[in-house]
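Below: the structure, in structure tokens.
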Amino acid sequence: MVQKKIGKNFRFTALLALILSGCATIAPKKPAPILLNVKKVVLDNGLTILIAPNPKLPIAAYYTLFDVGGRYEVKGTTGATHFLEHMMFKGAKKYGPGEFDTLIERNGGATNAYTTNDATVYYQTIPASFVPQMADLEADRIQHLLLEPIGFESERQVIFEERKMRYENSPDGFLYLMMMKKVFEGTPYGQSVIGDVDDLTALSRDQVMDFFKTYYTPDNAIVAIAGDVDPETLMPILKEKYGAIPKSVGLTELKAKRDDPANYEWKAKFGAEYSYYATNPIPKFAVAFKGEKAGTRRAFILDVLAYMLGNGGSSYLAQKYVRNAAPLLSDVSLSSYNLRHSGVFYFNGELMEGGSIDKVKTQFMGDVKNFCKEGLNARTLQKTKNQIMSQAYTQMKSNAGMASTIMMNEKIYHDYSYGTKEMEIYNSVTETEVKNECNNILNKTAPIFISTWDKYPKNPSALVELK
Amino acid sequence: MKTKLILALSLCISFKTFAAAKIEDSIKHLKWNGVDVVFIEDNRFPTYDIVFYFGDGALSDDKGRMGLTQHAFNLLDAGTAKLSQKDILDQFEFYGTEFSSDITHEYTTLAMSGLSKDLNTSMTQACSLLREANFPAEIVKQDLDKERSELQSLVANPQALSDRVFREVSLANTPYSYPVSGKLRDLDTYTPAALRAKMDYFLNTVKKRIYITGPKSILSVEKIIANKCQFKGNSTDFVRSITYKKQKNKNSQIVFIPLPDANQVQVKIGRFLNYDEIGDRKLDTLASEFLGGGFTSRLMREVRVKRGLTYSIGAYVSSQKQYGRSGIATFTKNQTVNKLVEVINDSVEKIKKDGITSEDLERSRGAILGSHPFKFENNRAFLAQLLYLDHIERPYAELFDFNSAVMKYTASDVARKIDEVYGMRFQTIFILGDKSIEGELKKLSPKLGKIRILDFKTFI
């Protein structure tokens, strides 16, 4: 599975109590911070383990993150990380082909994984009694993956079909792929996570094994477990299963080289326009600006800005373009996608039937300069904060939501409880800050305009400069 | 084998103990102004979920104006005499309140969730919409124009298009084949007066139930529901029930829908299930799990793992009170569609011929037993299950006795059920893909029936 957007818009974490005060009021009280009940241990080999007990039901969520994604692939090996993710389910030394998922499903669990530009995540929902065996299964495949040649070839065909499903037969997926390629052109984010067809065709077992040996090491991983488990009982079991796995050699240096900020400097041609043939009979478009990497205050402000302008039927963009007497668009959205080392701030829209893409483009691009003046006010800011808080509950109600969020916060901020701080930051964002950033991004920088339509020629488009 | 049995029993015991002590006892039955209310107290979060059930659905729509029920509920937020659509949406969104409806052929639900301290405010607004929505013509037109646009775009979404067409084709000549949402030709018939009349019918004539979960304090919403929504219940409230002639199993047929330039073929195989074929839902679940549930199902192993023919494949039986439908859903590349269909056919035939092993059975049984507690993790999902059981007139005990009931099934029960439901001799084999595969598909005819070629536009 490929997940296109990790951390898109908002990432909510441990903030339950602080939501109690002030939500849905114009002048909220300052929220009181709370402490999460999470046990954290870092093993000698560098593996970080997080356990969040929740005795409500005899079930658990088991998450494992490896800090490797599409960004570590080079031309010719695009898709290797995702290919490896598929192969992780096809057998290891102790639990051979077919045994991994059979054991999990026979015990009532479910297992899957996703790969993004920044990370590869494996996850299971399982009966709590199965957690020790889950650790054994995970420890086995991390150390002793088989990568059997026959299974490797059949999985290659599976991935081709997945690629068609996600991109070639999905106009939205295709538009997103082309936007990412153009916005991040020349940087490690400018590649298809699922892989280009030529690369996937040529990718060898040895190349995938190389990825596995390089990046699937305990000091490059986080395990997060939430559910009906006792940390005091479980931690020794996890230490036994994972503790003897050797840490990486040279990975820190390799990652430092790959993550060098110079690699992520903008190289795209902002101000350009691209049009692509896709199967949609009504044109779709994206307007993409330079965004912000995750974790900075600016990233939080851009999150709030995206929400204020574009979230919900009452939002400025929905009212201006979709819900009025003469709608220009059938759908519109705005997202701030904050990756680890860069980001993109982008609008998506779909025309009404019979609409002209040229006319819509001209009008929309002309309107953008007015968004900051017309679309932002104190009530909308408070509405956004209320929505963020309300959504936070939804995220934390399940074991999977809990495990996923503490794991991601540990990875990005080195602090599993960063959600509390996140909420403080969101609550502290002022109207002036949002307006300033709105002006900075929409009025002082040029976007890339990308559209798809089945009336465009199937050949690659010509590059057109935006006026 | 012994280990597996012990494991299964331990799951059974641990959940049963848990269920008896906590979950089952947490369900409270109340009566608000004659309306049955099911309440689950949950103090973990200061949030609520509330669902209104109405005992009628799309079957209430008249020919020539099908889809009216769905649009009446979906357009509740279009406006009232006092509030514009923008005001209404802004109010809900300001409080982070989710407000949505779901319409089936047999019943309708209206759901709302949010922070418990805002429930009374949001419910007051929801009641005003139910009672006062006037469906302003210009807003209705905007929404329908948008819907027309979306329907025209279905051609670019082969999976969604095939879902829509397959449902209608495989349920043809039954009362349930027409889409709940109506078709393009119906959209012009949704006038403000018709939408209001439909809403009044649901409010004043149809049986209602209320399902609610959250802290005990949210029960104060009773007064608002009684006074503002004016919900009241009595024994004469209408519940949809129809009489239809039992459908005879038809010989298998291949339905081909050409889609220009499609580089992937959507394949769906299924049939209508009569009212007397859906009585054993747990066995349906177990059989579907074995055949097409998860990564270790028979079809996933045969089609994806062994042959790399697809990315995903699944099998399901879904049923309401009076009917059901079965389906196998997958996709593949143009060149391998015949092989895919043949592998599915052979897999189902092999189960009929050879049965399934006890090990196979234990894997599937373990899967559905072990995953059962997950149905209670989310209270909204839990409420939905109680609502469903009430709708099909089955006791809640089915939920809590699930494990012991599932333990009774044998391997031959499962094999027989797979043959009854998924046996290829009765199926509609639906294929949506590029016209160039038509010649290849004809090679399947001798074994799997005649090919009918239909235009997808007929179904939009």
Does A:Gln391 meet the test of being surrounded by fewer than 21 Cβ atoms within 10 Å (Cβ to Cβ), of a type in the set (S, T, N, Q) and in contact with a Gly (Cβ under 8 Å, 6 or more places away or on another chain)?
yes
Among strands (runs of 3 or more DSSP E) completely within segment A:205-312, the ones holding 2 or more residues that are in contact (Cβ under 8 Å) with a residue 40 or more places away in the chain, closer than 26 Å to A:Gly173 by Cβ and in contact with a strand residue (DSSP E or B) (Cβ under 9 Å, 6 or more places away or on another chain) are A:272-277, A:284-290
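Just for segment A:409-441: of the residues that are of a type in the set (A, V, I, L, M, F, W, C) and modelled with pLDDT under 95, which one is surrounded by the most Cβ atoms within 10 Å (Cβ to Cβ)?
Per the criteria, the residue is A:Met423.
Looking at A:Ser390, A:Ser451, A:Ser428, can you tell me which residue is over 27 Å from A:Tyr167 (Cα atoms), touching an Asp or Glu at 6+ places or on another chain (Cβ under 9 Å) and not assigned by TED's automatic domain parsing to the domain that holds A:Thr48?
A:Ser390
In segment A:103-121, what residues are within 17 Å of A:Ser398 (Cβ to Cβ), within 13 Å of chain B (Cβ to nearest Cβ) and in contact with a helix residue (DSSP H, G or I) (Cβ under 9 Å, 6 or more places away or on another chain)?
Hits for segment A:103-121 are A:Gly108, A:Gly109, A:Ala110, A:Thr111.
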Search result, residues across segment B:205-260 that are touching a residue at least 12 places away in the same chain (Cβ under 8 Å), within 17 Å of B:Asp36 (Cα to Cα) and part of a loop (DSSP other than H, G, I, E, B):
B:Thr205, B:Lys207, B:Cys229, B:Gln230, B:Phe231, B:Lys232, B:Gly233, B:Asn234, B:Asp237, B:Val239
Kindly evaluate A:Thr384 against the criterion of being within 11 Å of chain B (Cβ to nearest Cβ), buried (at least 23 other Cβ atoms within 10 Å of the Cβ) and not in a helix (DSSP H, G or I).
no
Contact list please: Cβ distance under 7 Å, first residue in segment A:152-173 and more than 7 Å from every other protein chain (Cβ to nearest Cβ), second residue surrounded by fewer than 20 Cβ atoms within 10 Å (Cβ to Cβ) and small (Gly, Ala, Ser), pairs at least six apart or on different chains.
A:Arg166/A:Gly173; A:Tyr167/A:Gly173
Which condition does A:Gln124 not pass, out of (1) over 30 Å from A:Thr233 (Cβ atoms); (2) within 12 Å of another protein chain (Cβ to nearest Cβ); (3) buried (at least 20 other Cβ atoms within 10 Å of the Cβ); (4) touching a residue at least 40 places away in the same chain (Cβ under 8 Å), if it passes all the others?
(1)
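Yes/no per residue for (1) assigned to a loop (DSSP other than H, G, I, E, B); (2) modelled with pLDDT of 95 or more; (3) touching a His at 6+ places or on another chain (Cβ under 8 Å); (4) closer than 27 Å to A:Glu185 by Cβ:
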| position | (1), (2), (3), (4) |
| --- | --- |
| A:His341 | yes, yes, no, yes |
| A:Glu353 | yes, no, no, no |
| A:Phe371 | no, yes, no, yes |
| A:Gln391 | no, no, no, no |
Flag for B:Pro215 being outside the structural domain of B:Leu441 (by TED's automatic domain parsing) and in contact with an Asp or Glu (Cβ under 9 Å, 6 or more places away or on another chain):
yes
Taking segment B:400-456 and keeping only residues that are surrounded by fewer than 21 Cβ atoms within 10 Å (Cβ to Cβ) and in a strand (DSSP E or B), one is left with B:Ile451, B:Arg452, B:Ile453
Do we find a residue being closer than 24 Å to A:Leu329 by Cβ, without any contact (Cβ under 8 Å) to a residue 24 or more places away in the chain and either within 14 Å of another protein chain (Cβ to nearest Cβ) or under 20 Å from the mean Cα position of the chain (by Cα) (or both) anywhere in segment B:160-169?
yes
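The values are calculated or read from the model by the stated rules, or taken from the named source; none is laboratory data. Since the model is a prediction, treat every value here as computed from it, not as a measurement. Ideal geometry is used to build each Cβ from the backbone, glycine not excepted, and the neighbour counts take in all protein chains shown.
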